[in-house]
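Working notes, structure below.
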Amino acid sequence: MEALRTLRIGCLWGAIALTCAAGQADRTLLLQPGSSEMTRRAPEASIVRLETTRGVMRLEMRRAWAPHGVDRFYNLVRHGYYDDSAAFRIRAGTWAQFGINGDPEIAQTWRSRTIPDDPRVLSNVRGTVAFAFRDRDGRTTQVFINLRDNSATHDAEPFVPIARVIEGMEAADRFYADYGEKAGGGIRAGRQNPVFLGGNEYLRREFPRLDYIVRATIEPD
């Protein structure tokens, strides 16, 4: 089974390489976080499709839940920021975190591009997706999926859900979790520099069993 999984991931990475080769315009935009293309207003409702190494997930996203967060996530997804992005921090049965771009130049460009906090509307129940953060008004690109009901601890922070999984939650449940905090940890732990500086080359060398967001897209209306 492990050999089959390795082969499947290898094929997916090959497909990613072809996609990236055809998408240089988006990479250019990802290096211009203040451009009008990267700061568009998101639709009032949209569906995000995450193709992962464990299967496809679909997220419902509504701007009324968190306008600043939804706008940021929408524009990052639309221009391929999360493509080939490692699910680098998994606490089994609790949450799964991703959102550091595998290209160190792009990752560093967005590392300090914060957005204002949104008031929380949704509770951090199983299947909701929220931005990780350390400081007030400090959300950037990293998000996590609640793998259980974390409302008792996360609502008071507040972690503010921007979306909820409506299909494929089992894919997130299966993300490889045995590395725990070792492959970067959380923003507050201060151990993410190797990921930002080394990107996917570092992660694939040191943590080869991580799962990935292969491609993230906005589904057509």
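Read the figures in this text as sums done on the coordinates, not as results from a lab. As the structure is a computational prediction, the values presented were derived from the model and not from experiment. For neighbour counting, all protein chains shown are included, and Cβ atoms are generated from backbone atoms with ideal geometry for every residue, glycine included.
Values computed for the structure shown
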read-out: Listed residues ILE166, ILE47, ILE106, most fluctuating in the chain (Gaussian network, C-alpha, under 10 Å); value: ILE166
read-out: Under the span-like rule (Cα at least 18 Å along the axis, Kyte-Doolittle mean at least 1.0), DSSP H helices of the chain; value: 2-21
read-out: Length gained when the stretch ARG27-ARG49 is fully extended (0.36 nm per residue, less Cα-Cα span); value: 6.0 nm
read-out: Inter-site label distance for ARG58 and GLU105 at 7 Å from Cα along Cβ, in nm; value: 3.7
read-out: FRET efficiency, LEU197 to ARG91 (Cβ-Cβ, R0 35 Å, nearest 0.05); value: 0.90
read-out: Gyration tensor (alpha-carbon) shape descriptor, the stretch 176-221, a/c threshold 1.5; value: prolate
read-out: Where labels lie 7 Å past Cα in the beta-carbon direction, separation of ASP178 and ARG136 in nm; value: 4.3
read-out: Exposed trypsin sites (Lys or Arg not before Pro) absent: longest stretch of the chain, with sites in DSSP loops and at most 11 other Cβ within 10 Å deemed exposed; value: 42-135
read-out: Label-point separation in nm, ASP155 to GLU219, each point 7 Å along Cα→Cβ; value: 2.8
read-out: Stokes-Einstein translational diffusion, the chain - Kirkwood Rh over all Cα pairs, 0.692 mPa s, 37 °C, in µm²/s; value: 190
read-out: Theoretical FRET efficiency, 1/(1+(r/R0)^6), r = Cβ-Cβ of GLU37 and SER112, R0 30 Å, to 0.05; value: 0.95
